[in-house]
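Inspection log for the structure reproduced underneath, given as structure tokens.
The values are calculated or read from the model by the stated rules, or taken from the named source; none is laboratory data. Bear in mind that the values here come from a model prediction, so they are computed numbers and not experimental data. With ideal geometry, Cβ positions are generated from the backbone for all residues, glycine too; neighbour counts draw on all protein chains shown. Calculation scope for accessible area: heavy atoms of the full protein, side chains included, ligands and nucleic acids excluded. Shrake-Rupley method; radii C 1.70, N 1.55, O 1.52, S 1.80 Å.
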Amino acid sequence: MKDYCIELPLFLPPFPVPEETETIDCPQTTVRRKTYKGLLSAAKKNVQEDAPTIEAELGKLEKELAAGEYHDLFQLAQLQHHHEHCASQLSVRESLSRLETALCQVIRSHNHKLVMLNMVMSKHQQTASSSSVIQGDAFEALLNPTFNPHYLQAIDQVVHNMDNWIGSCLRKHVPFADEVASLEIREEVPHMSAAPKQTFKFTSTIGRVKIDANAVQNQLRIISNAIDTIYQRSSSQLSFNEIYGTAYNLVLQKQGDALYDRIQETCAVHLSHSVARIVSTEGTSFLQTLAQEWTTHSTAFESIARVLMYMDRTYCDQKKKADSLTLMLSLFRDRVVYVPEIRHTLRQQLLAQILQERRGNIIDRSLLREVLLMMARVSVQCAVSVYEEDFEQFFLTETEQFYREESLAFITTHTCPEYMTKVTRRLAEESERLTNYLATETEPKLRAILEQQLLTTHIRTLIDMEHTGILALYRSFQPNIHGTDVEVASAAGSVSASALLLSGSGSGASVGGANASTVEDLKRFFLLFGRVVPCFAILYETLGKEIVRRGQEILSSQETARDPVAFVKDVLYLKDQYDGIVQLAYRHDKRLEAKVKEAFKSFINNDHRTAAHLSAYLDDFFRRGMQGLSETDINTQLDKVIVIFRFLSDKDVFEDFYNKALSKRLLGQKTVADDQEKLMIAKLKNECGLSFTTKMEGMFMDMNLSKAVMDVYRASTYPSRLGPWEMDVQVLTMGHWSVPAVPCRLSTELDVMQQTFTEFYTNEHSGRKLTWCPSLGYVEMRGHFPLGKKEFTVSSFQWCILALFNLQDTWTFAAIHERLAMPTLELRRHLLSLCTSKLPILKKTSSGKSKLRRIKVMLVSEKDAQQSLGAAGAASGVGGGGSGGGGGSAGDAIDEMGSGVTAEGIPVEVEDRRRYQTEAAIVRIMKARKTLVHNELIAEVMRQLSHLFSPTVQLIRKCIERLIERDYIQRDPEDSRLYSYVALA
Amino acid sequence: MSKKPSSASTAKRSTPSSSVSSTEREEFFNSLADPEDPESISIEGLGTLCEQLGIDASSDIRALVLAQKLGAGSQPGKITRAEFLEGTRLMNVATVAQIQARLPSLDPGFMDRTEFRDFYRFVFQFNREGTHKTIEKSLIMGLLPIVLDSNRAPHLDFFMQFLEQQGELRITLDQWESFLQFNSAIRLDLSNWEEGGAWPLLFDDYVEWRKKNGSA
């Protein structure tokens, strides 16, 4: 028993102590010095930090020591070890003495707790050892006589107590008696007071270590027995101290290897029992058994590991071996989980359970959770976790296949909304699965598979699905014409949607009627697919494509090709529809909003008729459409038109048509909706700037001036010269009005009127020239037909034709043509509307296709008074309109669309103006920049003109060439790509 | 066009001591002057001169070079008295024989790039008619082979064919000048042609024509 000696753990290295030193010198002093030194030096490290914390910590330590709760104590020591960094000088002294007292008390009362104390102290020691300088300091501090005498006293006291304790140990046969007895105790306190500055020399107590093989075996047996006992769940019978100590001793005796192996062996035996039990269970209870076994083992492992703490910290650390818990977990893995039968059945069972649940059956989720947790837990020291390798990958493959098949089968037999509901539910289930028993790492992988199989694979099918697909939903969506509800509904919708992760939608606010379900479906669609990147891309593209397709449909439909009102109404409806969809169902997604705009732009500018249609729509609106609408409604309606206008790139074409239509409205209508017209002009001005609306505003100005002129005229003596004829003339500024000049030899009456007014006007404003535009005028007349008198309004040209019939009853086309000297086409048009079957004023006698060869008066047209002349002019021209009276609709057919149109459908005048504008832009830019490279010039011109139209590169180049020819700019002689501005000499 | 500063080499040669007097040059001018407009030499006058020199005014490029050297430039098809006197002074000639001696130096092969470009531009301006700023296609097609050869203008043959197939066309100075540049910038196989470049649109048509005819 006495032939080997060991030391107490407090004397463990780190001190660089020569091992061979035989002299054993003052163990107690060393004990306490090392201990205190550790504490002190560590504390000294960081003086400036929070002293009170340390105080508190120390106070706790004291208490713990006294209470003897050593487990926690050890943890506390560790904790304190951290806090030591922040002790102040003062509190160190203080705490040391307090610790001292505590130690003494402990030593006195609880001998067996010394082990724990040692641990605490060695912890300090480790800290201290990190710096030899600090060590030196610590020693000096200890030896310094000026040091607190109370402190020295305390040291003595400790030593004294230690003696007592050791003595008592020797007397009794306490478990540690052997070790303790080996300590040679000598009462040899250094003469500190006598030689305070003397270097302190010490040596270790480590002496020769002799190992008794038997004793080792005994100790190993203690350990393995203990493990057995733990497995029998009767660990309460064990003395923790004893086992800990045994393991501790074994390590000290350099028997770590043996101990390690013994643990491995003992555990293996227990594990093999488990395997037998698990393998013998069949079917569903397999997982249960496995889980039970795991619980048993994992509990045992923890207890065992606690006992082997010392081994873990020293032996395993030094040898770079896995600590005991890791060792045991990996044993469980290799000897239980990886047993081929178990491994296979485990995997099968898990997948079977999940499949069961997917099929709608109830399974024990907590069991699954436990088993899966186990798989994650035993994944120690391996690159791929058991969870991943033995479960996750199979699970994912299984999932992929399951949903591939299910979704394919489902989508072929169900509608799109049904499918989406199903998917929503499935996603919610999988999400639940994740929270219930799957590991969090699985989420992204699972999600990717689900998105792929349930969403990405089928998105195109869903979009194109007949009748119920997304495109069909788009079509059936009814925009809410009154915009207010939209906002409310969408706000509610976004709230309900935001809380969802993978799962489907809670129902948003209902929008009303059948539309509500459409919105719900689209909302669900966006919720499901919108967050998946590839799906969003498809959604984004198809949305644009669908709009363009619908737009093309509108453009190519027969009805809208002829009827601009229907066209614009359809476009507006389409816009409302998709705005509504994006707002209500797609949560105002910015990218989608932009896409809608882009799509509209694309199809609207695909067809040059759009500009004309838009202007025609407005024309109709101002003439008829707005009747009965309130101010606000008119305003919103106009705003919508502006939205389409904004998409338009050929704004100048629109301007041209609009000006023409406006001039007709102003000249041809008795009442003009002044305020609304001006509102529209203000809106256009807002969009395109001042110059865009100059002409329009000019027209309104002319109307006012004309009124004033007519007032003067009426007050003069001139009207009296015309007898029963009344005349109304409008004087228009040249350039503001685009009026076609159609030559025609007027009837005598009209001619006289023209001359009279010209005389009047040139008298009033000398130097002005009047150009008459009779094509815009109209005449109110009364016809004497066999069946009675009729009053009606005809164009001035028609009047001229009819006037001929006052001279004789039949006229051939050729004769009329000769008399009036107006273009054949024009004449034909006017004649045609006089011969319609509905209102036959004239009757044509020629048969067959040779139209209008000969015209015979069927119903004699006798006219009398009450005529008014229409004449419009340019260069201070005049346009005329008659006064009151009911009328026929003879003039209606004359609704020509400008004279010439280019191949692209752009009016010739617009084309010409574009050339001037482009040239002007080039000159403007070159004048400012002096020299410019070709590409930059092109880009700059495009930018400057973009608010009016988008010029082609061809057009710009043509203009550049023309300007070079006219010496506005020239090419650089060295670089033909460089232009320079030619300053006028 | 403003008077071209004669090339350095010509200037040097005109310095020798045996310089001709201004009276001699005046006389020379008078002998060639247009009977209807004694202040200028017309195309006919130049034709006579070329005949005396023994060169074909309608096909020999030297006739055009001579016209430029003699000072033509301000008006198409004409040399004014002042221009002629200055031109002959710089050339230091006053008789047909003296010009005859200079004939070899009139070959445009001697001209460097800048000189040739000026000359090329001069050819266009000189061949204009009165106040017209453009020259009709047929005349251009006559001028191009005289002024250019496949050395200076690899595209010449193709371009001539292309012009041949075009309808009524008048060529602007810009197009004329750009053709010379086009030849030095764009490879014969058109491999470095880029759409939408700074070339006059005529060349877009030319390139398209080449591609359609499989000659590119």
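For the stretch A:421-455, a residue qualifies if it is open to solvent by less than 30 Å² (accessible area, probe 1.4 Å) and of a type in the set (Lys, Arg), and the qualifying residues are A:Arg426, A:Arg433. Scanning the stretch A:319-352 for residues that are over 17 Å from A:Ala276 (Cβ atoms), in contact (Cβ under 8 Å) with a residue 40 or more places away in the chain and open to solvent by 10 Å² or more (accessible area, probe 1.4 Å) returns A:Lys319, A:Lys321, A:Ala322, A:Thr326, A:Leu327, A:Ser330, A:Arg333, A:Arg347, A:Gln349, A:Leu351. Only residues that are modelled with pLDDT under 85, outside any helix (DSSP H, G or I) and open to solvent by less than 50 Å² (accessible area, probe 1.4 Å) were counted in the stretch A:575-605, giving 1.
Scanning the stretch B:100-116 for residues that are within 13 Å of chain A (Cβ to nearest Cβ) and closer than 14 Å to B:Leu64 by Cβ, which turns out most open to solvent (accessible area, probe 1.4 Å)? Before the answer, list the steps.
Residues of the stretch B:100-116 that are within 13 Å of chain A (Cβ to nearest Cβ), as a first pass: B:113-116.
Add one more test, that the residue is closer than 14 Å to B:Leu64 by Cβ, and what stays is B:115-116.
Numbers: B:Glu115: 59, B:Phe116: 5 Å².
Ranking the candidates gives B:Glu115 first.
So for the stretch A:407-423 (the condition being within 22 Å of A:Gln356 (Cα to Cα), touching a helix residue (DSSP H, G or I) at 6+ places or on another chain (Cβ under 7 Å) and touching a residue at least 60 places away in the same chain (Cβ under 8 Å)), does at least one residue qualify? For the stretch A:407-423, residues within 22 Å of A:Gln356 (Cα to Cα), touching a helix residue (DSSP H, G or I) at 6+ places or on another chain (Cβ under 7 Å) and touching a residue at least 60 places away in the same chain (Cβ under 8 Å): present. You will find that of B:Leu90, B:Leu173, the residue that is within 14 Å of chain A (Cβ to nearest Cβ), open to solvent by 10 Å² or more (accessible area, probe 1.4 Å) and not hydroxyl-bearing (Ser, Thr, Tyr) is B:Leu173 and no other. Which one is farthest from B:Ile61 (Cα to Cα) among residues in the stretch B:145-169 that are touching a Leu at 6+ places or on another chain (Cβ under 8 Å) and without any contact (Cβ under 8 Å) to a residue 24 or more places away in the chain? Here the answer is B:Met160.
Before we move on, is B:Ser138 hydroxyl-bearing (Ser, Thr, Tyr), away from every other protein chain (no Cβ under 11 Å) and open to solvent by 10 Å² or more (accessible area, probe 1.4 Å)?
Yes.
Is there a residue in the stretch A:939-949 that is assigned to a loop (DSSP other than H, G, I, E, B), buried (at least 20 other Cβ atoms within 10 Å of the Cβ), within 14 Å of chain B (Cβ to nearest Cβ) and modelled with pLDDT under 90? Among the residues of the stretch A:939-949, not one is assigned to a loop (DSSP other than H, G, I, E, B), buried (at least 20 other Cβ atoms within 10 Å of the Cβ), within 14 Å of chain B (Cβ to nearest Cβ) and modelled with pLDDT under 90, which makes the answer no. Take the conditions (1) within 11 Å of chain A (Cβ to nearest Cβ); (2) open to solvent by 10 Å² or more (accessible area, probe 1.4 Å); B:Ala198 misses just one of them, which is (2). Please go through the stretch A:534-590 and pick out each residue that is among the small types (Gly, Ala, Ser) and out of contact with any Phe, Trp or Tyr (no Cβ under 6 Å at 6 or more places or on another chain). If the condition is that a residue be among the small types (Gly, Ala, Ser) and out of contact with any Phe, Trp or Tyr (no Cβ under 6 Å at 6 or more places or on another chain), then A:Ala537, A:Gly544, A:Ser556, A:Ser557, A:Ala561, A:Ala566, A:Gly580 are the ones that fit.
If only residues of the stretch A:953-985 that are without any contact (Cβ under 8 Å) to a residue 24 or more places away in the chain and more than 10 Å from chain B (Cβ to nearest Cβ) are counted, the one that is farthest from A:Phe647 (Cα to Cα) is A:Ala985. When you look at B:Leu188, is it away from chain A (no Cβ under 14 Å), open to solvent by 70 Å² or more (accessible area, probe 1.4 Å) and over 21 Å from A:Ile960 (Cβ atoms), yes or no? Against the criterion (away from chain A (no Cβ under 14 Å), open to solvent by 70 Å² or more (accessible area, probe 1.4 Å) and over 21 Å from A:Ile960 (Cβ atoms)), B:Leu188 qualifies. For the stretch B:153-170, residues that are under 17 Å from B:Phe124 (Cα atoms) and surrounded by fewer than 17 Cβ atoms within 10 Å (Cβ to Cβ) total 3. When residues of the stretch A:481-502 are filtered for being buried (at least 21 other Cβ atoms within 10 Å of the Cβ) and at pLDDT 50 or above, how many remain? The qualifying residues number 0.
Yes or no, residue by residue, for (1) touching a residue at least 60 places away in the same chain (Cβ under 8 Å); (2) in a helix (DSSP H, G or I); (3) over 29 Å from B:Ile146 (Cα atoms):
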position	(1), (2), (3)
B:Glu26	no, yes, yes
B:Phe29	no, yes, no
B:Ile41	no, no, no
B:Leu49	no, yes, no
B:Gln52	no, yes, no
B:Ala57	no, no, no
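It is to be established whether one or more residues within the stretch A:547-557 are assigned to a helix (DSSP H, G or I), in contact (Cβ under 8 Å) with a residue 40 or more places away in the chain and closer than 19 Å to A:Gly530 by Cα. Yes, the stretch A:547-557 contains a residue that is assigned to a helix (DSSP H, G or I), in contact (Cβ under 8 Å) with a residue 40 or more places away in the chain and closer than 19 Å to A:Gly530 by Cα.
When the stretch A:794-816 is examined, which residues are found to be among the polar types (S, T, N, Q) and closer than 12 Å to A:Ile841 by Cα? Listed by number, the list holds a single entry, A:Gln798. With respect to being within 26 Å of A:Ile969 (Cβ to Cβ), more than 14 Å from chain A (Cβ to nearest Cβ) and within 22 Å of the chain's Cα centre (by Cα), B:Leu143 fits the description.
With the requirement that a residue be β-branched (Val, Ile, Thr) and assigned to a helix (DSSP H, G or I), what does the stretch A:332-348 give you? A:Val336, A:Val337, A:Ile342, A:Thr345, listed by residue number.
Consider the stretch A:732-744 and keep the residues that are surrounded by 13 or more Cβ atoms within 10 Å (Cβ to Cβ) and more than 60 Å from the chain's Cα centre (by Cα). The one that is modelled with the lowest pLDDT is A:Val742. Quick one: in the stretch A:920-938, which of the residues that are open to solvent by less than 70 Å² (accessible area, probe 1.4 Å), within 14 Å of A:Tyr979 (Cα to Cα) and not in a strand (DSSP E or B) is nearest to the other protein chains (Cβ to nearest Cβ)? The selected residue is A:His934.
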